[in-house]
Structure formats: structure tokens, C-alpha cells
Amino acid sequence: MFLQNQSKQQKQEYQSFLKIAGSLSNLFSDSPAPYLYYRIAEKIFCRAFEAEDLSRSDVSADAKKKDLGIGLKTFLSGNYKTFQKVAEFNNDKPLYDNLSPDKLILKVAELRNARIEFTENAHGLKNSIYHCVLREKEKFLIFEEPMDKLDIANIKKFKKNKSSIVFDDGKNEYSFLLSKSTLTKRFVTRPITYDFNVEILKDPFEELRKLFKQGGLLFEKEKRIKQTVYLPLYGKDQTVFERSGLNQWNASGRARHQDEVYIPIPAEVHKNFPNFFPNRDTPFNLKLPNGNVMQSKICQDGGKALMSYSNRELGKWILRDILKLKEGELLTFEKLQILGIDSVRIDKISDLEFEINFVSLGKYEEFKNNLS
């Protein structure tokens, strides 16, 4: 797995940060089990192991170290075989809402597998695992296991009740919660990889006051990202037009290469963020989720298109490497729905340095609504 292959120093730092977070449990809870907010757990993991934080990207992994994807989870140890959420499909209801229970589960399994594969393709991952921090009385326990795709051919033992459908695929047991459109998996958390005690401060407020009086801070505030915008991978009315955007290669007129595409930049983005992108045709660096850097530019009238500077590199990456479309195959909004994405997030690091990440369904519409 992951933890056993890390350096002694990094493991000690990880344990130290977790102990600090757990010691503050009385800020949030009276439970004897240390409290650990999942966002804090993600930041601690990435800080200690120098992993890349993927938690803002709405993909199946929360962190990346080299070519390994890591899904980070924290929950009470319970009986060491509890169900925990692994995926949510609220935006995909139209794809399965009227299906029979067995066909519904097959569709959910297909969606889950597609998203794991999409995450691995987008971020250059060879494998993915779960890294779990379990909580019990005055202790943290670490458990790891592979992040398996569902074995669709072996799905069996359907058991439906009013609120859920329980099933297994021969390797893992799952439960799909109908009202929440959430897939949960039973985590059998034995054997534990590692455990350690946590001392919970009786009065964390007083300890924090002392710390701030001394001018000390546990973490420095991240200021690397200057500004963020979201761009849709579709046009109006949630349609990927057949002859523009990511299907620009299919436009009429001059002959075009099969990888010639662009990401649309709506007018409202330029209106609300006039200085976000460089001027038209000015080359800038765009860091991809897999760590590679693509030289890019803003082009077309009104700066309505984000393209790679080579005119083909963006299409090669997004259509072939990520979406796995064949040459001549049109991208549809339905394809994006299956993968659970319909937009990208662009983070501005400096005037000529940007990063791109895929985000979940509805993120651009949410971003646009917040502009008004």
C-alpha cells in the first residue's frame, strides 16, 4: 500500500499533525474519540507526504503521489466493517431514475467505474487506493486497501428496501442510498496498518489563545492561487455543439485536424474578470492535472476560445487521452454526464502561469449564478 513505503520522517510528521488536529477535538465534540474534519485530514496528508491535493477537482481521488491516486477517508472505527460513502450521483438521476433495481445498480456501477478511469486518465495514475483514518477512544488507526472498480459481470445478491439497494460484486459489498443518490461501500478495516494514541486537550480555547499570543500558527495561509474562473465544456442549453468548442474539428469550411478544438470562454467571464487571461494570442503556460504543461493562448473574436498554442495539443489531450473518443466521434453532453463533469476550473497562479482541472456537473452554472 502507501504508508509503509513512506520515509520514517514523513510518517512521524503525519502522525504529529494528526495528533495536533485530534488534540483540538473539544472545539467540536465531547466524544472520547478524537474528531477529525475530512478537509483537515486531506491537508495534513498532502502536507506530510508532499502529495498533490486533488480535493478541489471533484474526482474519485483526493490526493496524488507520483502515479498513485489516494482516496482519503476518516470515520469512526465502529465494528470495523461499516458502510462509508464513496460516490454521489445526484446530477445523474435522469440516467437511472426510472430503471428497475438491477438495471439501476448496473448503471451506477458503470458510472462509478467510468469516473475512476477518468480520474486515472486525467491525472496520469496507474493505481488508486483508499487511505482511511479511523477514530476510536483517544486513538487514530490507519487502514489502507485498493480502490477497486466494480466487477460488473459478478454483481449479485440484490436486496432492495424502501431506502436502499444492497449488493456485492464478489470483492466488496455496496449499498446505494436511493434518497441521497449515494453509493456506499462496506469497509472491512482489519488488519489495521498502524495506530497511535491522541491526547485530547481539556481546554483547547486556552491553548490556542496562548499560541496566538506567541504569534505562532500551525499552517501558513496558502496564497499561491491568485484568482479562479470556471469554463463550460458545452455551449448554450447544455449542448456540445457539433461544429464548435470541443467539436471544432468538425466545423465546415477549411480542412481541420481531428484534434483541433477549443474550450469556450463565455462573455460573462471576460466581463467579470477582464484581466484574468493574457491578451489575445499571448502564449501562457497551462498546467494539466497530470503535471504536464501545455503552452496555450486566448483566441477568436472577443477572446471566446481557450486553445493550445500548437492548435492540436488540447484536442489530443482532452479528446483522446482523457475522454477516450475515437477520431471522428462527436463529443456529447451525455458523455460528459457519464463521467460526472461538464466544466473546467482555471486557477491563475501569475499573469502567464495557469492550472486547469475538471470539475463536477453544474459547477459552471453555479459559478455563473454567483456572478449576478
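Just give me the residues in the stretch 304-335 being open to solvent by less than 50 Å² (accessible area, probe 1.4 Å) and either aliphatic (A, V, I, L, M) or touching a His at 6+ places or on another chain (Cβ under 6 Å) (or both), in sequence order.
ALA305, LEU306, MET307, LEU314, ILE318, LEU319, ILE322, LEU323, LEU325, LEU331
Could you check how many residues of the stretch 227-243 are closer than 23 Å to ILE338 by Cα and open to solvent by 30 Å² or more (accessible area, probe 1.4 Å)?
Number satisfying all stated conditions: 8.
Quick one: which strands (runs of 3 or more DSSP E) sit completely within the stretch 304-363 and have at least 1 residues that are farther than 25 Å from HIS257 by Cα and among the hydrophobic types (A, V, I, L, M, F, W, C)?
Those strands (runs of 3 or more DSSP E) span 341-350, 353-360.
If you go through the stretch 336-364, how many residues are open to solvent by 10 Å² or more (accessible area, probe 1.4 Å) and over 18 Å from the mean Cα position of the chain (by Cα)?
Residues that pass the stated criteria total 6.
Determine whether THR119 is in a helix (DSSP H, G or I) and either open to solvent by less than 20 Å² (accessible area, probe 1.4 Å) or within 15 Å of MET1 (Cβ to Cβ) (or both).
Yes; evaluated as a whole, the condition is true for this residue.
Of all residues being charged (D, E, K, R) and out of contact with any Pro (no Cβ under 6 Å at 6 or more places or on another chain) in the stretch 284-303, which is surrounded by the fewest Cβ atoms within 10 Å (Cβ to Cβ)? Just the residue, please.
ASP301
Is it the case, given these coordinates, that ASP281 is farther than 23 Å from LYS368 by Cα, open to solvent by less than 50 Å² (accessible area, probe 1.4 Å) and outside any helix (DSSP H, G or I)?
Criteria not met by ASP281.
Kindly provide the set of residues from the stretch 28-44 that are open to solvent by 30 Å² or more (accessible area, probe 1.4 Å) and either without any contact (Cβ under 8 Å) to a residue 12 or more places away in the chain or not hydrophobic (A, V, I, L, M, F, W, C) (or both), ordered by number.
Going through the stretch 28-44, the residues open to solvent by 30 Å² or more (accessible area, probe 1.4 Å) turn out to be 28-32, 35, 37-40, 43.
Matches in the stretch 28-44: PHE28, SER29, ASP30, SER31, PRO32, TYR35, TYR37, TYR38, ARG39, LYS43.
Being among the aliphatic types (A, V, I, L, M) and in contact (Cβ under 8 Å) with a residue 60 or more places away in the chain is the filter here, so list the residues in the stretch 230-254 that pass it.
LEU231, LEU233, VAL240, LEU246 - these are the residues of the stretch 230-254 that are among the aliphatic types (A, V, I, L, M) and in contact (Cβ under 8 Å) with a residue 60 or more places away in the chain.
Would you mind telling me which numbered condition in (1) modelled with pLDDT of 90 or more; (2) of a type in the set (A, V, I, L, M, F, W, C); (3) open to solvent by 20 Å² or more (accessible area, probe 1.4 Å) ILE165 fails?
So ILE165 meets the others, but not (3).
Give the stretch 170-192 a look and list any residue that's within 23 Å of LEU3 (Cα to Cα) and either aliphatic (A, V, I, L, M) or surrounded by 15 or more Cβ atoms within 10 Å (Cβ to Cβ) (or both), or say none.
Residues satisfying the conditions are ASN172, LYS185, ARG186, PHE187, VAL188, THR189, ILE192.
Looking at ARG135, ARG47, which one is in contact with a helix residue (DSSP H, G or I) (Cβ under 9 Å, 6 or more places away or on another chain), closer than 26 Å to ASP347 by Cβ, open to solvent by 30 Å² or more (accessible area, probe 1.4 Å) and modelled with pLDDT of 95 or more?
The match here is ARG47.
The values are calculated or read from the model by the stated rules, or taken from the named source; none is laboratory data. Keep in mind that this is a model prediction, so the values were computed, not measured. Positions of Cβ are generated from backbone atoms using ideal geometry, with glycine treated the same way; all protein chains shown enter the neighbour counts. Ligands, DNA and RNA are excluded from the accessible area calculation, which covers all protein heavy atoms including side chains. Shrake-Rupley method; radii C 1.70, N 1.55, O 1.52, S 1.80 Å.
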